[in-house]
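This report concerns only the one structure given below.
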Amino acid sequence: MRLIQFETAPGQRHVGVVEGDLIQVVRDTHSMRELALAAIRNHTSLAAEVLERGLDSTQHSYSQALSDCRVLPPLDHEDPAHCLISGTGLTHLGSAATRDKMHQQKIDDAAALTDTARIFQWGIEGGRPAPGTAGVQPEWFYKGDGSIVVRPGQALQRPAFAEDAGEEPELAGLYVIGDDGQPYRLGFAIGNEFSDHVMERRNYLYLAHSKLRSCAFGPELRVGELPRHLDGISRIRRGNQVIWEKAFLSGEDNMCHSLDNLEYHHFKYAQFLRPGDVHVHFFGTATLSFADQIKPAEGDVFEISLPDFGAPLCNGIAGTPSAISPGEVKTL
């Protein structure tokens, strides 16, 4: 089942089931979070909750909704502060080589290469523990709250201080914390974990800064088990031209960590288990245009496609001023 959140032309918000180019509206449902919490309380699955509520006879054009930018991220929270965006790196086979390529500069940067290789090797050796046991923890980063998420079709924001505006084609896991304080995975979506790779390349300890950017995921939520092998395409369009294109792989067959292990090492922290909260977690990639010396610019469009996830995720790039200028912090 493929689910979306969208707005009608008059601005009414709905959850819908996608079938081809048609959106069928889930009755009496205004948000995916509401639907998920109801499924948890009813001790049923998200798909079963959709079937229980039923579908309205009204149908909408999916392609038109995408074109009009009326498709929302497939999961959000009415209070963006209660939506946490995070991610893990060095999780995919080949990701260490990509990261090392980013960090190859001078001999005195050798520590960055060593640490990258070391944490990747730990994942190879201990990232797939036996069921019910904890494996080695991955690299982890905080990206922001729900305010940094843009809709499918909207431009990702490049702040004035940024040195780069690079895509990261990834899978994102979508979660809601139940009334019982337990995390529940709704499913997965295509993600663009937009980052500043030039800043990260200066020193790998700048990774935390490089991740504090906007991001996008969707347009669809794929419900159910994730295929073990996923084959996608990441593109950058400039006007009518494709200036870069590369295949990328995901799914557990192409990862050095199991999804269970990545989820455990995120949700093991009690502060991430507040009932009602939403979590969006990016699972990493091994494919970046930055590694091929591509420099995306304002007006370019990223297109990330995975056939198993329906419509591609497309987002442009737009400049935005810095939130404050130096010296603007006030003393009380």
Practice prompt. Would you check if Leu207 is part of a strand (DSSP E or B), within 18 Å of Phe120 (Cβ to Cβ) and not aromatic (Phe, Trp, Tyr)?
Written response: no
Practice prompt. Considering each residue of the range 119-153, count those that are free of Cβ contacts under 8 Å to residues at least 12 places away in the same chain and in contact with a Pro (Cβ under 6 Å, 6 or more places away or on another chain), and give that number.
Written response: 0
Discussion item. Looking at Phe188 and the list (1) at pLDDT 95 or above; (2) over 22 Å from Gly251 (Cβ atoms), which single condition is not satisfied?
Written reply: (2)
Worksheet, complete the sentence: Subset of the range 232-276, residues exposed (fewer than 15 other Cβ atoms within 10 Å of the Cβ) and of a type outside the set (S, T, N, Q), comes to Arg238, Gly239, Val242, Glu245, Ala247, Asp253, Lys268, Tyr269, Ala270, Arg274, Pro275, Gly276
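Does Ala286 satisfy being modelled with pLDDT under 95 and farther than 30 Å from Pro183 by Cβ?
No; evaluated as a whole, the condition is false for this residue.
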Worksheet, complete the sentence: Within the range 145-164, residues being touching a His at 6+ places or on another chain (Cβ under 9 Å) and not charged (D, E, K, R) number 1
Discussion item. Quick check on this structure: which one of Ala117, Ala162 is among the small types (Gly, Ala, Ser), surrounded by fewer than 17 Cβ atoms within 10 Å (Cβ to Cβ) and not in a strand (DSSP E or B)?
Written reply: Ala117
Item to complete: Can you tell me which residue among Ala323, Ala286 is loosely packed, with under 11 Cβ neighbours inside 10 Å and under 28 Å from Leu174 (Cβ atoms)?
Response: Ala323
Item to complete: Out of the residues in the range 10-39 that are in contact (Cβ under 8 Å) with a residue 40 or more places away in the chain and loosely packed, with under 14 Cβ neighbours inside 10 Å, state the one that is farthest from Asp56 (Cα to Cα).
Response: Gly20
Fill in: Filtered residues of the range 232-260 (kept if closer than 28 Å to Val136 by Cα, over 16 Å from the mean Cα position of the chain (by Cα) and outside any strand (DSSP E or B))
Glu252, Asp253, Asn254, Cys256, His257, Ser258, Asp260
Discussion item. Going through Ala216, Ala286 one at a time, which residue ends up being touching a residue at least 12 places away in the same chain (Cβ under 8 Å), assigned to a loop (DSSP other than H, G, I, E, B) and assigned by TED's automatic domain parsing to the domain that holds Ile148?
Written reply: Ala286
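The values are calculated or read from the model by the stated rules, or taken from the named source; none is laboratory data. What you see is a predicted model; the values in this text were computed from it and never measured. We place every Cβ from the backbone using ideal geometry, glycine too, and count neighbours over all the protein chains shown.
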